[in-house]
1. At 222 nm, what helix-only mean residue ellipticity would the chain give, in deg cm²/dmol to the nearest 500, using -39500 (n - 2.57) for each DSSP H run of four or more?
2. Taking square-rooted eigenvalues a ≥ b ≥ c of the alpha carbon gyration tensor, is region 20-65 rounded, prolate or oblate, where a/c under 1.5 means rounded and, failing that, a/b exceeding b/c means prolate?
3. Can you tell me the order of 105-115, 120-130 when each peptide is scored by its average per-residue count of other Cβ atoms within 10 angstrom, highest first?
4. Please find the FRET efficiency linking residue 79 to residue 140, where r is the Cβ-Cβ separation and R0 is fixed at 35 Å, and quote it to the nearest 0.05.
5. What Kirkwood Rh does region 35-146 have if only Cα atoms enter the pairwise 1/r average? Answer in Å.
6. Rounded if a/c is under 1.5, else prolate if a/b beats b/c, else oblate: with a ≥ b ≥ c from the C-alpha gyration tensor eigenvalues square-rooted, which is region 96-146?
7. Taking 0.36 nm per residue of sequence separation and subtracting the Cα-Cα distance, how much length would be gained by fully extending the chain between residue 67 and residue 128, in nm to one decimal?
8. Using alpha-carbon pairs under 8 Å, 6+ residues apart, how would you state the relative contact order of region 53-146 in percent?
């Protein structure tokens with residue numbers, strides 16, 4: 001899973017504003033992360049293998065439950081991984097084995113296409129910068145509103 005951490009510790013004033021916002025920071029984080037993930041989604045849709053186009057159309061940005069106050073955004077299908085009409089998207093992305101399960105490890109290994117992870121890899125630095133800039137703008141705007 002692709003992930004990164006934004007370090008704002010060098011900006012003491014911004015950290016103080018974040019602490020003042022308290023629970024109001026979560027909606028800001030979701031907004032910023034969705035905006036930063038939009039180019040990654042576009043690239044993943046462009047790179048997705050197309051037979052009927054259903055998998056490409058089903059890709060979405062979703063907020064998922066995070067632990068310990070964390071906010072997580074994922075790019076997945078509209079129904080979720082391994083669910084719905086495009087249940088096969090994770091198999092295409094990550095790879096799978098072909099053949100009867102009775103064969104065990106003798107089954108043919110089909111490699112993953114890695115179109116979502118590839119999109120993240122090609123846009124990682126741009127996405128990280130978008131998150132940093134977005135957080136600074138949104139937090140300063142929210143702090144002024146207090």
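Each reported figure results from applying straightforward, stated rules to the coordinates on display, with no laboratory input. Owing to the predicted nature of the structure, the values given are computational and were not obtained by experimental measurement. Counting neighbours? That spans all protein chains shown, and the Cβs are built from the backbone with ideal geometry, glycine included.
1. Result for the chain: -17000 deg cm²/dmol, rounded to the nearest 500.
2. prolate
3. Final packing ranking: 120-130, 105-115.
4. For R0 = 35 Å, the calculated efficiency reads 0.40.
5. Value: 16.2 Å, from the Cα pair sum.
6. Here region 96-146 falls in the prolate category.
7. 19.8 nm
8. 16 percent
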